[in-house]
Amino acid sequence: MALTGELFIASKRVARDGTGFKAVSPGTGAEIEPSFSVATLDDVETACAAAAAAFPVYSSLSREKRAEFLEAAADEIDALGETLTERAMAETGLPHARLTGERGRTSGQLRLFAKELRLGEYLRARIDHAIPERQPLPRPDLRLRMVPVGPVTVFGASNFPLAFSVAGGDTASALAAGCPVIVKGHSAHPGTAELVAGAVTRAAEKTGMPAGVFSLINGPGNSVGSALVTDPRIKAVGFTGSRGGGTQLMKLAANRPVPIPVYAEMSSINPVFLLPAALEARAEALGTAFVGSLTMGAGQFCTNPGLVLAIEGPSLDRFLTAACDAMTGVPAQTMLTPGIHKAYESAVDRMASAPALAKLAEGKEAEGPTCGRAALFSIAAKDFFADAHNAEEVFGAASVVIRCTSIDEVIEVVRHLEGQLTATFHLDEGDTEVAQKLVAVLEHKVGRILANGWPTGVEVTDAMVHGGPFPSTADGRSTSVGTLAIDRFLRPVSYQSLPEALLPVDLRDGDAGIPRRVDGKLVV
Ligand code: NAP
């Protein structure tokens, strides 16, 4: 399938001559053909106008029709097969197995949201019948359901070129909600983006969707990205990337005449707690497994374990010896972009020169210009917050072990941490009491608490939360992974005393085929 470098604006392929940019191979720095068009501000205008025109049509289609569209998009993405995987490998340096899995996750997410639409529970349908005889005043008939917010802009992520990019979790959940989507493509993987945009566009055509339901715009964030976020027709934003980028977009959105929500997933250091009994029982195994999680995918996961907390003593020393041994054997790995590599190197250099941080181990020396070398540091708990940089995300395979003198000191560190996506415990039976104390604090700091595992690896299910208080995300009341992600693009509407003909089908009396709360009782 030959790439053309065109934009996708409301189902049409559009070329802008003379504005091209090319993807760059992260391993070699060589440019990869073809040249990709950069959108003009007129293109942004066209895409927003088309999305706004599509919204009333798309949002009022039946849930079944939208489910068919999502499933057709999933089929089209699956059909791209190795063409898609190979292009993504060339543009990101990520390995074949990882990208094959991510391709499956991407189509799987679309199918999961199709199921969610058919289930209809996300509508939160509620019916409170009128009580005319109520004294002193009669109660009117009230019915509630969730409705889509309107056109959504999605910023594709660099570290998940499929599962969090053009047809990734943000796009799938917004389309499921009934919102047209305009994707601002990530400049690091434009060919991958074009292939996926072609798949979504074909699916939209095959299933009879309105033209403006999907667009892909390429170009610099500070021009086309900002224009999308400030366009009055855009009603919400999904973003995965840097804290700087995410907070800039939050400010732009908040300063609009009509502010809109930005669901930005930004930075998290994902603390791991080695509780005393577990640490004593299996320090060596934990040390080795920790390095496996830290260095997977060159550490370029938002759930990377960037912080380890444990109480000083012989067991922690055993853990560190095993972790250092494992790390010295880890090859340096190609990072996603030269910019991400540069940011990683300068963060590790800063850590190495910080007086309170001790460098414990490094991975094997880098062989390529953008290879990131793993690094492990330690610090005493009392020194950790003396320098604000210590608690910042380092995007890559670097982590800090905090040596604490007591459990109270561990809890004190947790109290001062910023919001996180995850917290992980390694615990045995003897650790339950300590873990209970920590859970009570962590529930208010993180989106996912997990035991005896590692935070990298995010299942896409109903019960998953991939979100957390700021700065892990812009709004800790939401998740960007799992079926609950649809909530970000919905809002409740109450219908009072409307005649049946004006009520949405899902709220009429009789069996609507979806779970509803009727007069206070759940009817399934
Ligand atoms: P990024 O620089 O934040 O860029 C992400 C996307 O947002 C790009 O499309 C970018 O456009 C756009 N953008 C950024 N700042 C913007 C602004 N002020 N206005 C409008 N659009 C803006 O992220 P990245 O390139 O993927 O990676 C850079 C760093 O982000 C990494 O080193 C890492 O620290 C962090 N990161 C974190 C996660 C996570 O999951 N937490 C994931 C990926 C990256 P352009 O095309 O102009 O760049």
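Here are a few things to note about the model shown:
- Among the residues making up segment 215-248, those that are within 7 Å of the ligand (Cβ to nearest atom), small (Gly, Ala, Ser) and not in a helix (DSSP H, G or I) are Gly241, Ser242.
- In segment 249-261, the residues that are more than 8 Å from the ligand (Cβ to nearest atom) and farther than 17 Å from Leu41 by Cβ: Met250, Lys251, Ala253, Ala254, Asn255, Pro257, Val258, Pro259, Ile260, Pro261
- Residue tally, condition surrounded by fewer than 20 Cβ atoms within 10 Å (Cβ to Cβ), hydrophobic (A, V, I, L, M, F, W, C) and part of a loop (DSSP other than H, G, I, E, B), over segment 428-471: 4
- First in segment 222-233 and in the same structural domain as Thr46 (by TED's automatic domain parsing), second anywhere and surrounded by fewer than 16 Cβ atoms within 10 Å (Cβ to Cβ) and modelled with pLDDT of 95 or more, Cβ under 7 Å, 6 or more apart: Ala227/Leu41; Thr230/Arg256; Pro232/Val258
- Single residue of segment 472-484 satisfying the filter (within 14 Å of the ligand (Cβ to nearest atom) and of a type outside the set (Ser, Thr, Tyr)) that is surrounded by the most Cβ atoms within 10 Å (Cβ to Cβ): Val481
- Here segment 373-401 is the region considered, the condition is being modelled with pLDDT under 95 and touching a strand residue (DSSP E or B) at 6+ places or on another chain (Cβ under 7 Å), and the residue that is farthest from the ligand (Cβ to nearest atom) is Phe384.
- Any hit, segment 402-410, residues being within 16 Å of the ligand (Cβ to nearest atom), assigned to a loop (DSSP other than H, G, I, E, B) and either at negative phi or surrounded by fewer than 18 Cβ atoms within 10 Å (Cβ to Cβ) (or both): no
- The set of residues in segment 262-293 that are within 16 Å of the ligand (Cβ to nearest atom) and in contact with a strand residue (DSSP E or B) (Cβ under 8 Å, 6 or more places away or on another chain) comprises Val262, Tyr263, Ala264, Glu265, Met266, Ser268, Ile269, Asn270, Pro271.
- Residue count for segment 194-214 under the criterion of being of a type in the set (Gly, Ala, Ser) and either part of a loop (DSSP other than H, G, I, E, B) or under 19 Å from Val262 (Cα atoms) (or both): the result is 1.
- Residues that are within 24 Å of Leu286 (Cα to Cα) and of a type in the set (Lys, Arg) within segment 297-356 comprise just one, Arg318.
- Listed by first and then second residue, the pairs linking a residue in segment 159-185 that is more than 12 Å from the ligand (Cβ to nearest atom) to a residue that is modelled with pLDDT under 95, with Cβ atoms under 6 Å apart and 6 or more places separating them unless they lie on different chains, form an empty list.
- Within segment 204-214, considering residues that are of a type outside the set (D, E, K, R) and surrounded by fewer than 24 Cβ atoms within 10 Å (Cβ to Cβ), the one nearest to the ligand (Cβ to nearest atom): Ala211
- Yes/no for Glu365 being away from the ligand (no atom under 16 Å from the Cβ), surrounded by fewer than 20 Cβ atoms within 10 Å (Cβ to Cβ) and at pLDDT below 95: yes
- Between Ala310, Ala347, the distinction of being of a type in the set (Gly, Ala, Ser), in the same structural domain as His426 (by TED's automatic domain parsing) and assigned to a helix (DSSP H, G or I) belongs to Ala347 only.
- Residue within segment 277-293 that is within 30 Å of Pro190 (Cβ to Cβ) and crowded, with 16+ Cβ neighbours inside 10 Å present: no
- Condition check for Met1 on (1) more than 21 Å from Met209 (Cα to Cα); (2) assigned by TED's automatic domain parsing to the domain that holds Val147: one failure, at (2).
The values are calculated or read from the model by the stated rules, or taken from the named source; none is laboratory data. A quick note: this is a predicted structure, and the numbers were derived from the prediction, not measured. Note that we place each Cβ from the backbone using ideal geometry, even for glycine, and neighbour counts take in every protein chain shown.
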